[in-house]
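Just below is one structure, and these are the notes that go with it.
Derivation of every value follows stated rules applied to the coordinates shown; laboratory data play no part. These numbers come from a predicted model, not from an experiment. Here the Cβ is made from the backbone with ideal geometry for all residues, glycine too, and neighbour counts use every protein chain on show.
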Amino acid sequence: MNGDSADVGTDADPNESAGATARTDHTLDDEAMLRIRGLDAGYGDLQILTDVDLDVADGEYVTIVGPNGAGKSTVMKTVFGLTTYMDGTIEFDGEAIEATPPEEIIHEGIGFVPQTDNVFPGLSVEENLEMGAYILDSVPQDRLEAVYDRFPILRERRDQKAGNLSGGQRQMVAMGRTLMLDPDLLLLDEPSAGLAPDLVDDMFDRIDRINESGTAILMVEQNAKEALRRCDRGYVLVDGENRYTDRGETLLGDEQVRQDFLGG
């Protein structure tokens, strides 16, 4: 985390922020595991994203922030094949995956944890986790144990129905289920949403440790200040378009970004 995995350009418009890099140059070129270029996407005939570029390097921790309705979650859902792809390219490990359905995306090594409706409430915790390995011939017990080691409370609640868990515990189940396939890239949509304030830091700490274990993270997050403080790089989306990108700490320290998008 907060490493030097990406050097971004400084070709910023002089009318933009003096610190954060504006729209002109923020790509990783050959370093990217996930490479998005000129992406247009939306829902049916409604276009949400326009000419979006975004990269995630192997093992990198990247956050997308921005105002409500900016298209943040749409980027992530489009990568996972859940929206209407319109134009542009999405490459993962050098292969084009735009408009690929989710059931094929997971075979590529990408996992997705949606913000809501992310557990099977009538199934037990362990049954939920086992569902994460449904594409395999059998449940890998070593991965199941690894999930329990990462989220010990789930071991204690393994026989409890997921629908009876707290919000934070359901989020752990959803993340654990996705980790059952040991993805190279984990997509997280608002992982702190709905959590009590005293649980937010704990959730971010767990995401940090997942990233430190080698899994690349692409996260959309409403708690922008904390997300930028922890990530390697951040993207600010506004009205479905790239506005700024730079290292998370640089964006967090940029006065214009703070005033416009982080509440001063």
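Given +1 on the Cβ of Lys and Arg, -1 on the Cβ of Asp and Glu, and no further charges, what dipole in debye does the chain carry about its Cα centre, rounded to the nearest 20?
1140
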Starting with the highest mean, order 220-227, 169-176, 256-263, 138-145 by the number of other Cβ atoms within 10 Å, averaged over the residues of each peptide.
169-176, 220-227, 256-263, 138-145
Would you look at the GNM of the chain, springs on alpha carbons closer than 10 Å, and say which of I135, I207, I105 moves the most?
I135
Would you kindly state how much longer the chain becomes between D45 and E103 on full extension, computed as 0.36 nm times their sequence separation minus their alpha carbon distance, in nm to one decimal?
18.5 nm
Taking R0 as 41 Å, what's the FRET efficiency between K161 and E255 from their Cβ-Cβ distance, rounded to 0.05?
0.25
Would region 137-247 count as rounded, prolate or oblate if I go by the C-alpha gyration tensor, calling it rounded below 1.5 in a/c and otherwise prolate when a/b exceeds b/c, oblate otherwise?
prolate
Most to least packed among 182-189, 111-118 [average Cβ atoms within 10 Å]
182-189, 111-118
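Over the chain, what is the relative contact order in whole percent, taking alpha-carbon pairs under 8 Å and six or more residues apart? Write down the numbers at each step before the final one.
Details: 541 pairs, mean separation 73.2, N = 264.
Computed value for the chain: 28 percent relative contact order.
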I need the helices of the chain that pass two filters: whole DSSP H segments spanning 27 Å or more by Cα along the axis, and mean Kyte-Doolittle score no lower than 1.6.
none
Among beta bridges assigned by DSSP with both residues in the chain, the antiparallel ones amount in percent, to the nearest 5, to 60
So what's the back-of-envelope 222 nm ellipticity for the chain, counting only DSSP H runs of four-plus at -39500 (n - 2.57) apiece and dividing by all residues, rounded to 500?
-8500 deg cm²/dmol
Based on the mean of other Cβ atoms within 10 Å per residue, sort peptides 193-205, 31-43 so the most packed one is first.
31-43, 193-205
Radius 12 Å from Cβ of Q141, net charge of other residues (Lys, Arg +1; Asp, Glu -1)
-3
Quick check for you: which residues of region 31-51 have the amide N under 16 Å from the point 7 Å beyond the Cα of E91 toward its beta carbon?
31-39
Gap separating the Cα centres of region 99-175 and region 216-260, nearest whole Å
28
